[in-house]
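Each reported figure results from applying straightforward, stated rules to the coordinates on display, with no laboratory input. Just so it is clear, the structure is predicted and the values come from calculations on it, not from any experiment. Don't worry about glycine lacking a Cβ; one is built from the backbone with ideal geometry, like all the others, and counts go over all protein chains shown.
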Ligand SMILES: [Zn+2]
């Protein structure tokens, strides 16, 4: 039987988790399990193994596909500390596809099960290597499991162009004024609109799983649109609308 398993790897309230479960249940009336990501790690060996592999899959240069080939003990220690402390999210960058590989290898159940929609909701930053020969930060990486990054939602889609222009010319007072006056045009981690946006991305995970389809929609009003700008996220993923094709 189909089921949904949500792994929480970030600091959010129980109430927020319940809201996501209710949203998913509305999409499919099935069993929904919620676990803290750290619960997967059964013992010290598994912790060390995961810490080492996380250090290995760090992206060190955006224009170099090669990952962190030389791992230092201090990097493993850093990963260990962050695996058990969801209050402190890791500041490192990781290869998203390699992370999915690690999870599937370490925990074939549930992460290789096609009947289970596994979603890891995280505050880690994940990147993928794209055709322009650079790594790009991602909000969601669909697959087994689906990785949904809260920090990615805030940092991957670009803010409006004016923001970068003011930043580029070093107009710090004007930049602060712009940020205050334009809060409706971009997202922050503690933004009240984040919950609806996360639901939009949960929908993308659900759609991928049901249809085995990871093609994004080209209609910018559809929740399945691949938003590159914060303002697009605040339309497509915030409103959860489907285009005529996907309806
Ligand atoms: Zn669509």
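For the reader, a short list of remarks on this structure follows.
- Each peptide among 95-104, 166-175, 209-218, 153-162 gets the average number of other Cβ atoms lying within 10 Å of its residues, and from highest to lowest they stand as 95-104, 153-162, 209-218, 166-175.
- Cα gyration tensor, segment 3-239 - rounded (a/c under 1.5), prolate or oblate: oblate
- Once both labels are positioned 7 Å from their Cα atoms along Cα-to-Cβ, the gap between residue 131 and residue 185 label points is 3.0 nm.
- Segments 193-205, 63-75 sorted - mean Cβ within 10 Å per residue, highest first: 193-205, 63-75
- Global form of segment 59-167, assessed from the alpha-carbon gyration tensor, a/c cut-off 1.5: prolate
- Residue among 179, 83, 48 with the largest mean-square fluctuation in a Gaussian network model of the chain, springs linking Cα atoms under 10 Å: 179
- Dividing the summed -39500 (n - 2.57) terms of all DSSP H runs of n ≥ 4 by the residue count of the chain sets its mean residue ellipticity at 222 nm at -12500 deg cm²/dmol.
- At full extension, residue 60 and residue 31 could sit 6.5 nm farther apart than now, given 0.36 nm per residue minus the alpha carbon distance.
- Virtual spin-label span in nm between residue 21 and residue 215, 7 Å along Cα→Cβ: 3.6
- Förster radius 25 Å - calculated FRET efficiency between residue 45 and residue 70, Cβ distance, rounded to 0.05: 0.65
- Put in order of Cβ neighbour count within 10 Å, fewest first, the listed residues 184, 246 become 184, 246.
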